[in-house]
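Notes follow the structure.
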Amino acid sequence: METFTYKNYQNCYFTVGSYVADTTAMAISIVNDEDGLISTCTIYDEFGFYASNSITVKNYSENSHMTDFLKSLGVVIDTIDRRPCNRKVGHTLYSENPQTIDTCIINKDILKRYCKEWNYNV
């Protein structure tokens, strides 16, 4: 398993599972052994599109720039839909820091390289 640095956290890796509300919706978290759970990268969206190679990224609040981070690792290949996380932040859509929910296509092989725990079987 390869590790990565996320913000000021060293030796991070992913844990992957499913959301209870829809087991095709992949849940990805960033963890390290020293700090435990650091961030949940994804969000379940009842209107989201879910397949074995797509995720819905929480790209707002404490997760600002999460989509770009996942792209830098090669996990996210493409963003197929981007929408404001709520009505009040629509103006951020084309800014340097969009507050969005992003539906993305992923490379599961790269995700697995950084993954310590894989509990997603769709």
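Would it be correct to say that residue 110 is crowded, with 17+ Cβ neighbours inside 10 Å and either in a loop (DSSP other than H, G, I, E, B) or in contact (Cβ under 8 Å) with a residue 24 or more places away in the chain (or both)?
no
Please enumerate the residues belonging to region 15-26 that are crowded, with 18+ Cβ neighbours inside 10 Å and without any contact (Cβ under 8 Å) to a residue 24 or more places away in the chain.
Passing the criteria: none in range.
For region 72-84, state whether one or more residues are at pLDDT 95 or above, open to solvent by 40 Å² or more (accessible area, probe 1.4 Å) and over 18 Å from residue 110 (Cβ atoms).
No, region 72-84 has no match at all.
Those residues that are basic (Lys, Arg) and over 11 Å from residue 105 (Cα atoms), I need them from region 47-71; list them, please.
58, the sole residue that qualifies.
Identify all residues within region 1-46 that are under 22 Å from residue 100 (Cα atoms), in contact with a strand residue (DSSP E or B) (Cβ under 9 Å, 6 or more places away or on another chain) and not in a strand (DSSP E or B); write none if there are none.
Answer for region 1-46, where residues must be under 22 Å from residue 100 (Cα atoms), in contact with a strand residue (DSSP E or B) (Cβ under 9 Å, 6 or more places away or on another chain) and not in a strand (DSSP E or B): 7, 41, 43, 44, 45, 46.
Out of region 27-58, which residues are of a type in the set (A, V, I, L, M, F, W, C), within 22 Å of residue 82 (Cβ to Cβ) and either buried (at least 18 other Cβ atoms within 10 Å of the Cβ) or at pLDDT 95 or above (or both)?
27, 28, 30, 41, 43, 55, 57
Across region 47-83, which residue is farthest from residue 7 (Cα to Cα) among those that are of a type in the set (Val, Ile, Thr) and assigned to a strand (DSSP E or B)?
80
Within region 91-105, can one find any residue that is free of Cβ contacts under 8 Å to residues at least 12 places away in the same chain and surrounded by 14 or more Cβ atoms within 10 Å (Cβ to Cβ)?
So far as region 91-105 goes, yes, one or more of its residues are free of Cβ contacts under 8 Å to residues at least 12 places away in the same chain and surrounded by 14 or more Cβ atoms within 10 Å (Cβ to Cβ).
The values are calculated or read from the model by the stated rules, or taken from the named source; none is laboratory data. Remember, predicted model here, so these are calculated numbers, not experimental data. Ideal geometry is used to build each Cβ from the backbone, glycine not excepted, and the neighbour counts take in all protein chains shown. What goes into the accessible areas is simple: the full protein's heavy atoms, side chains included, and nothing from ligands, DNA or RNA. Shrake-Rupley method; radii C 1.70, N 1.55, O 1.52, S 1.80 Å.
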